[in-house]
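Q: Below is the structure I would like to discuss, written out as structure tokens.
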Ligand code: RAM
């Protein structure tokens, strides 16, 4: 048998971990991908778990499963390492070799594993004023290690606030803004690092720098709030050194640590960072440093039961971008254009006299040749570096982050700006899983902008925008964007964590906060009122992630939260099932709403509310079905039927027109399957297409309608209209922004007005992913790549060429392996090249309805078509 005929299993994965180190699951589920000849199917698998004390191999398990397979042995304990390998056997008897091993290591699984206490610098005599600048403290401790006998060392660490930690003068890990933002009162993530190489025989030292971050720094709009979780920053660190003889030395935060002050003068997520290099303390995190004038630390409260291991990757620097244009604004000011609106910070290399200050300001756009910072509102976003005067000095702030394309640098003392000024892009370091391209360069740029808005807003939690004084985990934004996100990146671990926070912050009556973690937000948002489209995140987003991953455990974990939401709406609805009372945002940012009243869209807000209510009920019923909760399924299905009926009775006129004769109304009715029969759906599709055409194919929808319009047109055989909408360039449209050189998706269709001035609205972001949800239509309809069952176990290729686009392609790294399609439209023939991974099934549904079933592997096939329509 030749090599290509023998199946091969790649390194397995555990749960949704990119790096399964310090994980919190004691029985992690295992997944693997196999490459094998076409038509090969797995008939059985074996899993080997090599543990410290024993190697356990399962017998051959007869099963086709390869995704999230149950842990095959007794649960792991804290700090346990194991190597996981898999092999598979086909129906024809051919077996693979063992896969390469996945090295797993658990973190601290039990509260009792924590010896470390939370320590904070001793309270000053004068309490630090919460509105004053607070200088980020340093904490340190020295310890001894016996002669060269370290087997391994692990650091388990977290903080109230943000931390960076060093051992013997060397930074530990490359996580940024750790421990990230969770609902700190209930859940605080800790990180695990392998620090074996940091230690040396003899004297050692460990040192941490803390900053306010989300814990006590200024957050939120309208001036913001400080001390949201507490008024003292604190460190929890536990260094466990395992010696060759098996004994363990434990260095944990306790009252023997010392606290001092370093060179960071102040740092805030919104405000930026100020650093005075003259205050650097060389050797502060190495042994032998004199900390006699440092102060003691206090113990502060933190229940170790609230310390949890991460389920997603950390925030990291993922890319560096050099300026594309640097101009001198005047004698002392440079204007730097990085050519891309991004999220991160600027690193500079300068040389100059001690005490000289370099100031970096940030903005997404320019107006009249200067930074336009008005859209940042109260986010100051200014970094300051005071030189030590020691020669070449390189600096990047550590505990802040900005959304910007442009930087203005005052007092520049560097060399070549193209070398000495670098933008460093930061976000949650998820694996990229989805790609799209087509023959139209503008559409490609639009797609690229969606990817950039995703990157900029997946900074530990999914945010609305990354630049102004907001940056909150708005539920509605991710609710509409989650399917797109889950195609483009493996965001399961990150969003699973965030959804946990949503459920812990959900109110007792079922109300879902507008944004999570919830912070005070002024009278419009606090106290929270149940809002359609926003609160529905709890029912819809777990389901969307399940479609991408096939993970039913997430559905189980979030089920109660979803159910509590629809139960609440059932109480708020009238007897017929209409949710027709109370405050609603409606089709937020409908372009017809006045700039200062974005909720004043043209579609009846209660029509939208009832539509979402019905749609969430359906999702809860489907979820109950997957979870085997038959009674619930029947109950919610029955309720959903009633609400759909009430919806049609109230909002669909006998003529087939809707009471709100708007694109959003027809789009929700179609996409949420609210219409009684095929004839009603065809009528609605026709009217929707008419409205889009009579609007000149410009956008007439906001947050709710926009993600649904193109899919609703496609579902009713109006692809041509959907393409015309996609390819429109006049304002408002998706491509309009490209005229203004947009490199991310904007919050408003006209964040930049046609005359080139910035929209006067008080809420004008240039980096908001919600309206970029159209990218999922590019993936599923333009390219035609769809999961027809959860986890892409069955793949539907359903390309719908149009708009003069001559070819398109999409690739998705699915749980089974790479799924891909590329189609090309010739004169009278459509050629499709499609890839189905081993373990999955796939078929092409051609534009004329014909179906071609595909083997696994890559297949190229053609079919005659009508001549292409021109753009
Ligand atoms: C804005 C946010 C967000 C939206 C809410 C309703 O402040 O930017 O995008 O969800 O309003």
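The values are calculated or read from the model by the stated rules, or taken from the named source; none is laboratory data. Treat the numbers as computed from the prediction; the structure is a model and nothing was measured. Ideal geometry is used to build each Cβ from the backbone, glycine not excepted, and the neighbour counts take in all protein chains shown.
Q: Scan 711, 760, 790, 707 and give me the residue that is modelled with pLDDT under 95 and either crowded, with 19+ Cβ neighbours inside 10 Å or outside the structural domain of residue 822 (by TED's automatic domain parsing) (or both).
A: Residue meeting the stated conditions: 760.
Q: Identify all residues within segment 734-761 that are closer than 24 Å to residue 478 by Cβ and away from the ligand (no atom under 16 Å from the Cβ); write none if there are none.
A: Of everything in segment 734-761, those that are closer than 24 Å to residue 478 by Cβ and away from the ligand (no atom under 16 Å from the Cβ) turn out to be 734, 737, 742, 743.
Q: Taking only segment 129-182 into account, find how many residues are touching a helix residue (DSSP H, G or I) at 6+ places or on another chain (Cβ under 8 Å), more than 26 Å from residue 246 (Cβ to Cβ) and either modelled with pLDDT of 95 or more or assigned by TED's automatic domain parsing to the domain that holds residue 473 (or both).
A: 8
Q: I'd like to check something: does segment 556-565 contain any residue that is in the same structural domain as residue 707 (by TED's automatic domain parsing) and within 12 Å of the ligand (Cβ to nearest atom)?
A: Taking every residue of segment 556-565 in turn, none turns out to be in the same structural domain as residue 707 (by TED's automatic domain parsing) and within 12 Å of the ligand (Cβ to nearest atom).
Q: Can I ask one more? Kindly check whether there is at least one residue in segment 325-337 that is in contact with a strand residue (DSSP E or B) (Cβ under 6 Å, 6 or more places away or on another chain) and within 25 Å of residue 428 (Cα to Cα).
A: Yes: one or more hits.
The rows are residues; the columns are (1) crowded, with 23+ Cβ neighbours inside 10 Å; (2) more than 16 Å from the ligand (Cβ to nearest atom); (3) modelled with pLDDT of 95 or more.
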| site | (1), (2), (3) |
| --- | --- |
| 199 | no, yes, yes |
| 207 | yes, yes, yes |
| 215 | yes, yes, yes |
| 219 | yes, no, yes |
| 228 | no, yes, yes |
| 234 | yes, yes, yes |
| 237 | yes, yes, yes |
| 246 | no, yes, no |
| 253 | yes, yes, yes |
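Q: Then there is this: Looking at 837, 815, which is the one that is touching a residue at least 60 places away in the same chain (Cβ under 8 Å), over 30 Å from residue 749 (Cβ atoms) and either assigned by TED's automatic domain parsing to the domain that holds residue 706 or within 21 Å of the chain's Cα centre (by Cα) (or both)?
A: After ruling out the rest, the residue left standing is 815.
Q: Right, another one. Kindly evaluate residue 77 against the criterion of being out of contact with any helix residue (DSSP H, G or I) (no Cβ under 7 Å at 6 or more places or on another chain) and closer than 30 Å to residue 190 by Cα.
A: Considered against the rule, which asks whether it is out of contact with any helix residue (DSSP H, G or I) (no Cβ under 7 Å at 6 or more places or on another chain) and closer than 30 Å to residue 190 by Cα, residue 77 comes out as yes.
Q: Could you check, for segment 489-501, whether at least one of its residues is closer than 16 Å to residue 744 by Cα, in the same structural domain as residue 711 (by TED's automatic domain parsing) and either in contact with a strand residue (DSSP E or B) (Cβ under 8 Å, 6 or more places away or on another chain) or more than 16 Å from the ligand (Cβ to nearest atom) (or both)?
A: Checked against the condition, which is being closer than 16 Å to residue 744 by Cα, in the same structural domain as residue 711 (by TED's automatic domain parsing) and either in contact with a strand residue (DSSP E or B) (Cβ under 8 Å, 6 or more places away or on another chain) or more than 16 Å from the ligand (Cβ to nearest atom) (or both), segment 489-501 yields no hits at all.
Q: Please verify whether segment 570-583 includes one or more residues that are within 16 Å of the ligand (Cβ to nearest atom) and either within 23 Å of the chain's Cα centre (by Cα) or farther than 30 Å from residue 19 by Cα (or both).
A: Yes; the residues of segment 570-583 include at least one that is within 16 Å of the ligand (Cβ to nearest atom) and either within 23 Å of the chain's Cα centre (by Cα) or farther than 30 Å from residue 19 by Cα (or both).
Q: Hey, can you tell me all the residues within segment 512-542 that are in contact with a strand residue (DSSP E or B) (Cβ under 7 Å, 6 or more places away or on another chain) and more than 12 Å from the ligand (Cβ to nearest atom)?
A: Those that are in contact with a strand residue (DSSP E or B) (Cβ under 7 Å, 6 or more places away or on another chain) and more than 12 Å from the ligand (Cβ to nearest atom): 519, 520.
Q: Looking only at segment 185-205, which residues are in contact (Cβ under 8 Å) with a residue 40 or more places away in the chain and closer than 19 Å to residue 287 by Cβ?
A: Selection gives 195, 196, 198, 199, 200, 201, 202, 203, 204, 205.
Q: Continuing with this model, one more query. Run down 637, 625 and say which single residue is farther than 24 Å from residue 572 by Cβ and surrounded by 15 or more Cβ atoms within 10 Å (Cβ to Cβ).
A: Testing whether each residue is farther than 24 Å from residue 572 by Cβ and surrounded by 15 or more Cβ atoms within 10 Å (Cβ to Cβ) leaves just 625.
Q: Can you tell me which residue in segment 584-594 is nearest to the ligand (Cβ to nearest atom), limited to those that are closer than 16 Å to residue 753 by Cβ and under 28 Å from the mean Cα position of the chain (by Cα)?
A: Among residues in segment 584-594 that are closer than 16 Å to residue 753 by Cβ and under 28 Å from the mean Cα position of the chain (by Cα), the one nearest to the ligand (Cβ to nearest atom) is 589.
Q: Something else now. Kindly establish whether residue 208 is part of a strand (DSSP E or B), under 28 Å from the mean Cα position of the chain (by Cα), in contact (Cβ under 8 Å) with a residue 24 or more places away in the chain and assigned by TED's automatic domain parsing to the domain that holds residue 294.
A: The answer is yes for residue 208.
Q: For residue 784, work out the one condition from (1) more than 23 Å from the chain's Cα centre (by Cα); (2) within 16 Å of the ligand (Cβ to nearest atom); (3) at pLDDT 95 or above it doesn't fulfil.
A: (2)
Q: Here's a follow-up. Based on what the data block shows, is residue 844 in a strand (DSSP E or B), farther than 24 Å from residue 88 by Cα and within 28 Å of the chain's Cα centre (by Cα)?
A: no
Q: So, in segment 545-587, how many residues would count as being within 21 Å of residue 708 (Cβ to Cβ) and either touching a strand residue (DSSP E or B) at 6+ places or on another chain (Cβ under 8 Å) or surrounded by fewer than 18 Cβ atoms within 10 Å (Cβ to Cβ) (or both)?
A: So the count comes out to 2.
Q: What pairs come up if the first residue lies in segment 324-339 and is free of Cβ contacts under 8 Å to residues at least 60 places away in the same chain, the second is surrounded by fewer than 18 Cβ atoms within 10 Å (Cβ to Cβ) and assigned to a strand (DSSP E or B), and their beta carbons are under 7 Å apart, counting only those six or more places apart or on different chains?
A: Taking only residues 6 or more apart or on different chains, the pairs are 324/337; 324/339; 325/337.
Q: Please tell me if residue 120 is part of a strand (DSSP E or B) and not assigned by TED's automatic domain parsing to the domain that holds residue 12.
A: Considered against the rule, which asks whether it is part of a strand (DSSP E or B) and not assigned by TED's automatic domain parsing to the domain that holds residue 12, residue 120 comes out as yes.
Q: Something else: Does residue 411 fit the bill of being within 16 Å of the ligand (Cβ to nearest atom) and out of contact with any helix residue (DSSP H, G or I) (no Cβ under 7 Å at 6 or more places or on another chain)?
A: no
Q: Just wondering, is there one or more residues in segment 519-531 that are under 16 Å from the mean Cα position of the chain (by Cα), at negative phi and surrounded by 22 or more Cβ atoms within 10 Å (Cβ to Cβ)?
A: Checked against the condition, which is being under 16 Å from the mean Cα position of the chain (by Cα), at negative phi and surrounded by 22 or more Cβ atoms within 10 Å (Cβ to Cβ), segment 519-531 yields no hits at all.
Q: When the residues of segment 462-476 are narrowed to those that are closer than 13 Å to residue 513 by Cβ and near the ligand (Cβ under 9 Å from one of its atoms), which ends up surrounded by the fewest Cβ atoms within 10 Å (Cβ to Cβ)?
A: Ranking the qualifying residues of segment 462-476, first place goes to 476.
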